[in-house]
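Below is one structure, written out as structure tokens; comments come after it.
We did not get these values from a lab; they are worked out from the coordinates using the rules stated. Just so we're clear, the structure is a prediction, and the values are computed from it rather than from any experiment. Positions of Cβ are generated from backbone atoms using ideal geometry, with glycine treated the same way; all protein chains shown enter the neighbour counts.
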Amino acid sequence: MREEQEALDLAADWADISQGLRKDLGQQLHQQWIKPIQLGSFCKDDGTLELHLPTEFSASWVSDRFADRLSLAWKIARPDVRNVRIS
């Protein structure tokens with residue numbers, strides 16, 4: 001039950017972060033690169049959150065351009081997220 005609540009909390013935080021990025025980046029960039037991101041696992045032990053994209057190319061593109069922004073947004077929303085891994 002606790003894991004389900006954690007997943008719901010992560011999803012709610014992601015919805016807020018995604019909405020903020022849509023405002024910052026604009027609809028087109030958001031639609032193409034941010035919206036396809038799916039939440040992966042979150043390891044509480046080391047604070048690593050995994051974000052998944054549908055292709056290796058899109059994961060690389062998002063990582064190169066938005067990794068710092070995504071990391072900062074997650075750290076602000078959830079201080080227990082210390083690392084964001086994009087794949």
Of (1) among the polar types (S, T, N, Q); (2) within 10 Å of the chain's Cα centre (by Cα); (3) closer than 12 Å to S87 by Cβ, S63 satisfies all except one. Which?
(2)
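Filter the stretch 56-84 down to the residues that are free of Cβ contacts under 8 Å to residues at least 60 places away in the same chain and charged (D, E, K, R) and list them by number. If you could, list the steps in order and put the result at the bottom.
In the first step, residues of the stretch 56-84 are kept if they are free of Cβ contacts under 8 Å to residues at least 60 places away in the same chain; the result is 56-73, 75-76, 79-84.
Result: E56, D64, R65, D68, R69, K75, D80, R82.
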Return the total of residues in the stretch 17-30 being of a type in the set (G, A, S) and within 17 Å of D68 (Cβ to Cβ).
2
For the stretch 31-54, which residues satisfy the criterion of being among the hydrophobic types (A, V, I, L, M, F, W, C) and over 16 Å from D68 (Cα atoms)?
L39, F42, C43, L53
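Which of the residues belonging to the stretch 27-55 are without any contact (Cβ under 8 Å) to a residue 12 or more places away in the chain and either under 29 Å from R2 (Cα atoms) or not aliphatic (A, V, I, L, M) (or both)?
So the first thing to find is which residues in the stretch 27-55 are without any contact (Cβ under 8 Å) to a residue 12 or more places away in the chain, and the list is 27-29, 31-32, 41, 43, 45, 55.
Q27, Q28, Q31, Q32, S41, C43, D45, T55 - these are the residues of the stretch 27-55 that are without any contact (Cβ under 8 Å) to a residue 12 or more places away in the chain and either under 29 Å from R2 (Cα atoms) or not aliphatic (A, V, I, L, M) (or both).
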Of all residues making up the stretch 38-66, the number that are of a type in the set (A, V, I, L, M, F, W, C) and more than 17 Å from D16 (Cα to Cα):
7
